[in-house]
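Working notes for the structure below.
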Amino acid sequence: MRGCVGRGFVLAVAMAAASVDAAPPSAPPQPLQGPGSALAVHGEVRVQEGESGARGWTAFTPAAPVPARAPVIVFCHGWGALDPAHYRAWIDHLVRRGNIVVWPNYQDGLLTPGERFLPNAVAGVHAALVALERAGGVRPDLDRVAAVGHSAGGVLAAQLAAVAAREGLPRMRAVMAAEPGDGSREGRRRASIPAVDLAAMPASTVFLVVVGADDHWAGEQVGLGLYDGATRVPRASKNVLELQSDAHGAPALIANHAAAGAAAADAAPRLRNLQLGQRADFRHAGDVDALDGFGLWKPFDALLDTAFEQRNRDVALGGTDAQLWMGRWSDGVRVAPLRVLR
């Protein structure tokens, strides 16, 4: 009897130790198929260095194979995130799916005035499109153009869509503002980006705003204002979604202002060690996780499909299960879904 008790005690201790040592569940980085997935049409991303300075640009084009033409995605970085490395994983994802990504610098340093952001971005996009047409490689398909941006770049993406006709730019058929911020915080202004009348955004645009539940840097008010300002875009063609934090597994998914940061694997540690990466608002800066694959890349891919190919609208818009789905942790528990605010 004493031996049975001893063996039972040892078994219980072993089971408890195994439970403690068991790895916590991990989150899915990307959908397995469809929008947001790693399925790629092209095996290489080529970088075309353009002009430097605030009105400069960089272009990323698909190769292996090289297409004759490709849609154009204008990618507007966050305030001060002057190096494309901050978003390189997302940029590469878009390019490997068959798009040209145009990166307008719009700043030449942290002191560039906010009132110059939009005209600088317009000039950079113009110059990039002209250079791409003349380069003899992948030519931009100007009937399929979209814009996406993070933080200040999210505001600029929406503004570019509103002023495109006035400025002689191609129509932005799809626009997504990720965690948009205009320099205001808790009622105070830091680095003002002048407002633009978004009523000029065409009614045919499909428009998404994605905010973070724990983004205490930009919050949700700017994003809601962008949605409300795009008055010509029907409600059925626009949404405001909110990323949710989820600490069920490890690393935790934190829907803060760094959620849209998506560095290439070799750059992520360097970006994590930046001073901003130590702040709670920027924790996990540069890491690619489910907030990227499911919460940002999936809806934007679907938005592009909707605008360019008239498919996957149920994944892009409408508060459907397909739109809000964020996958499952490795133990089968559902990741906290996106929430519809508008």
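Tabulated data
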quantity: Single residue of Leu118, Leu132 found to be touching a strand residue (DSSP E or B) at 6+ places or on another chain (Cβ under 7 Å) and either modelled with pLDDT of 95 or more or within 22 Å of Gly295 (Cα to Cα) (or both); calculated: Leu132
quantity: Single residue of Val47, Val74 found to be modelled with pLDDT of 95 or more, crowded, with 20+ Cβ neighbours inside 10 Å and under 21 Å from the mean Cα position of the chain (by Cα); calculated: Val74
quantity: Test: residue in the range 219-228 that is among the small types (Gly, Ala, Ser), buried (at least 20 other Cβ atoms within 10 Å of the Cβ), over 12 Å from the mean Cα position of the chain (by Cα) and modelled with pLDDT of 90 or more; calculated: yes
quantity: Meets criteria (surrounded by fewer than 19 Cβ atoms within 10 Å (Cβ to Cβ), closer than 20 Å to Asp301 by Cα and not hydrophobic (A, V, I, L, M, F, W, C)) for Asp108; calculated: no
quantity: Qualifying residue in the range 186-200 (condition: under 24 Å from Ala262 (Cα atoms) and acidic (Asp, Glu)); calculated: no
quantity: Any chance Gly8 is modelled with pLDDT of 95 or more and not hydrophobic (A, V, I, L, M, F, W, C); calculated: no
quantity: Only listed residue being charged (D, E, K, R) and loosely packed, with under 15 Cβ neighbours inside 10 Å, chosen from Asp214, Asp143; calculated: Asp143
quantity: Any hit, the range 54-69, residues being buried (at least 20 other Cβ atoms within 10 Å of the Cβ), closer than 18 Å to Leu304 by Cα, small (Gly, Ala, Ser) and touching a helix residue (DSSP H, G or I) at 6+ places or on another chain (Cβ under 9 Å); calculated: no
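The values are calculated or read from the model by the stated rules, or taken from the named source; none is laboratory data. Quick caveat, the model's predicted, so the values are computed rather than measured. Please note: Cβ atoms are built from the backbone with ideal geometry, for glycine as well, and neighbour counts cover all protein chains shown.
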